[in-house]
Structure formats: structure tokens, C-alpha cells
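Asks: The structure is given below, and queries will be raised subsequently.
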Amino acid sequence: MGDVPHQLLLVLLIGCGVGFLGGMLGKGGSAIATPLLVAIGIPPIVAVAAPLPATVPGTLVAADGYRRKGLIDEQVLLWSLIAGVPATVVGAVLTRWISPDVLVYVTDVVIVVLGVRMLLAIGDAAQVPESETRRRTIAVAAVTGLAAGLLANSGGFLLAPLFIAVLGLRIKPALGTSLAVAAVLAVPGTIVHLALGHIDWAIVAVFAAGSVPLSGLGARVAIRTDGAWLERLYGVVLVVLGVGFLAAAVI
């Protein structure tokens, strides 16, 4: 693994950056962390597995910041977990027979589309009848859970934008609820990778040392940011990251 102290310092810095962005943008950050960890020489399977247990506490810290401000939709959270947890397990099991490559492309395209949609519909969230909310929440959570299981992440990239686009949640409740759901959806993947011996606890500990405190800071910044400006920023980030992921996958 090369110069171990230098490499661990880079892991710490990556954890800081991913933690801050995750707390601010309503996701655990494992999808960002994995390619960065691979780039500094961490074995790919370890780079996939390590962010999952490391981001759980950070995601919970960030979610608690939103909870204290009343920015978590409890009904959406409940039904997301009821549908999302078993869907994540099913997705993880299906990795034995289904290649995640196509799903990666589809997910990246969806992220770009949702980002563009947010930029074109700032402040114009659709009003969803209460009778429809549960059904739509279950559908969103099932799709996100399957993707999370197949891609070995917590599904955070899809949760918040789908909560906004499909459920009509405002940006801050969508981010807070997404964080709470993502923290739980990361657990099945962590258990699977732990059983397979893919988790390097030194990498997990160093990554978490950076990501946990910065997750809370990212959440505080988002909570204090004007909602319309935050929507613009979120839309831009989704488009940039989605295009970046697509480019990386093609290359």
C-alpha cells in the first residue's frame, strides 16, 4: 500500500471532504469516497467497503442536526425504511447474478436529469396529495434500496433528489430525511462486507475521524443556507457529479 502514514493522511483528508459534502448534500458519501480512495492506492474492494461503516456515524450526526430543527419528515422516514431495508438486502443478494455496470450508467444519468430538473424548477416543488405520499415513498425507497444493494452504497445520491422530485419535499426536509434513511441503508452493506472480510478497520477509523465531525459541520452550513440558493447549489452539484461519474465510467 505504499507509504502508509502518507496514505492514511490522504484517507483522513478524503474523509473530511466527503463528510462535509455528505452532511451538506444529504448523503453518506460512499459513492464519492470509493473512487478517491482507489486513486490513492487503496485496494478497490477495501475502497468500496470502508466508507460504509465509516459514514454511518457521520450521517447520523448530520441527520441529528436536521432533526433538532424539525427538518426530518417522520412519515417519509418510516416508510422509506420499511421498503428500503429489505430492498437493499435483495439488491445485495442479486449482485451474484446481476452486473452493476448498467445500473451505474442508469444511476448517473438519473442524477444528471434530476439535477437539471432542480435547476429548472427552483422553488416550484410539486404538491403531492397526502394519500399519494405513502405509495410514492415506498416506490422511491424500493428503487433506491435495490440500487444501494447492487452498488454497495447507501443510496444517498438518489434519495434526496427523488424525495424532492417525486414526493414534493422542500430541499432541507429532503436532505435531512435522506441522511436518516441513508444511515440505515448502509448497515446491510456493511454486514455483508464484514462477513466477506473486505473491511480494513484502520482505513475505516481514519476515514471516520475526518468524516464524522465534518458531516455535522456540513449539515449546519446547509441548514443555515437560504433554501433557494441551496437548491441551485444542489442542482449544480448533481449535474457535475453525474457527468463526472459517467465520464469516469466510460473511461
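Computed from the coordinates by the stated procedures, all read-outs in this text should not be read as laboratory data. It should be emphasised that the depicted structure is a prediction, and the values quoted were computed from it without experimental measurement. Quick reminder, even Gly has a Cβ in these numbers, built from the backbone with ideal geometry, and neighbours come from all protein chains shown.
Asks: Once whole DSSP H runs in the chain are found, which of them have Cα atoms spread over 30 Å or more along the helix axis and a mean Kyte-Doolittle score of at least -1.0?
Replies: Details: long enough: 4-25 (31 Å, 1.85); 130-151 (31 Å, 0.41); 171-195 (36 Å, 1.54); 201-224 (34 Å, 1.36); 227-250 (34 Å, 1.77).
Once both thresholds are applied, what remains is 4-25, 130-151, 171-195, 201-224, 227-250.
Asks: Another question, then. Spin-label point model (7 Å from Cα, Cβ direction): what's the Leu194 to Val38 distance in nm?
Replies: Distance between the two pseudo-spin positions: 2.5 nm.
Asks: Just from the alpha-carbon atoms, what are the Rg and Dmax of region 1-84 in angstroms?
Replies: Answer for region 1-84, Rg first and Dmax second: 15.0, 48 Å.
Asks: Just rank Trp79, Trp201, fewest to most, by other beta-carbon atoms within 10 angstrom.
Replies: Details: Trp79 20, Trp201 12.
Ascending Cβ contact count within 10 Å gives the list Trp201, Trp79.
Asks: Describe numerically, in nm with one decimal, the distance between label points set 7 Å from Cα along Cα→Cβ at His6 and at Val221.
Replies: 2.8
Asks: Also, I was wondering about something else. Going by Cα centres, region 57-90 and region 193-250 are how many Å apart?
Replies: Using only Cα atoms to place each centre, the spacing works out to 16 Å.
Asks: Only helical DSSP H runs with n ≥ 4 go in: add -39500 (n - 2.57) per run for the chain, normalise by residue count and round the 222 nm mean residue ellipticity to 500 deg cm²/dmol.
Replies: Details: 11 runs with 204 residues, N = 251.
-27500 deg cm²/dmol, from helical runs alone.
Asks: Hey, another quick one. Could you line up His6, His193 from fewest to most neighbouring Cβ atoms inside 10 Å?
Replies: Numbers: His6 11, His193 20.
So the ranking, lowest neighbour count to highest, is His6, His193.
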